[in-house]
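This report concerns only the one structure given below.
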Amino acid sequence: MSNTLMSFLCRRAPSTTIPILQHPVSFWRSYCSPPSSSSNASNKKLFVGGLSWSVDEKSLSDAFSSFGEVTEVKIIYDKDSGRSRGFGFVQYLKEDDALSAKDAMDGKALLGRPLRISVAVDKARGGPVVVPRLSNTAIGAGNDA
């Protein structure tokens with residue numbers, strides 16, 4: 001990396017340098033990763049773990065529909081055995097409904113098994129990491145003396 005580019009990035013980095021020195025790779029990875037692009041599905045989709053093998057989409061939807069309008073329910077199945085992998089996703093129309101369902105249902109039992117619920121995170125599937133390019137004017141901005 002050129003000295004000019006490095007000095008530009010360091011000027012843009014947070015002022016505390018101790019975490020950068022302790023974990024430089026993780027700092028630059030998170031600093032240069034693209035922002036989350038799915039603001040529409042921000043907190044509307046919940047990950048539901050700890051599902052019994054006997055839970056189906058209808059029973060999962062019924063368990064969560066009392067908190068608001070459920071738009072999608074998906075249970076993940078093993079491709080070889082066809083049996084549930086023990087987790088799934090519930091998506092709501094409104095973010096507030098999803099968060100109230102998360103707070104109310106986390107740790108509660110469904111068909112004899114306690115549920116682990118969190119806000120779902122979009123899975124990155126090996127796509128390229130996008131690092132913004134720096135324009136010549138941005139690099140030379142501090143050298144106009």
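Rank these by accessible area, largest first, 1.4 Å probe: Asp62, Asp103, Asp97.
On the way: Asp62 85, Asp103 115, Asp97 35 Å².
Largest to smallest exposure gives the sequence Asp103, Asp62, Asp97.
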Simple spin-label estimate for Lys74 and Asp106 in nanometres, 7 Å along Cα-Cβ: 2.3 nm
Of Lys44/Lys79; Lys79/Lys108; Lys74/Lys123; Lys74/Lys94; Lys79/Lys102, those spanning more than 21 Å from alpha-carbon to alpha-carbon: Lys44/Lys79; Lys79/Lys108; Lys79/Lys102
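The values are calculated or read from the model by the stated rules, or taken from the named source; none is laboratory data. The shown structure was predicted, so the numbers you read here are calculated from the model rather than taken from an experiment. Glycine also receives a Cβ, built like all others from the backbone with ideal geometry; neighbour counts cover every protein chain displayed. Each accessible area value is taken on the protein alone, full model and side chains, heavy atoms only, with ligands, DNA and RNA left out. Shrake-Rupley method; radii C 1.70, N 1.55, O 1.52, S 1.80 Å.
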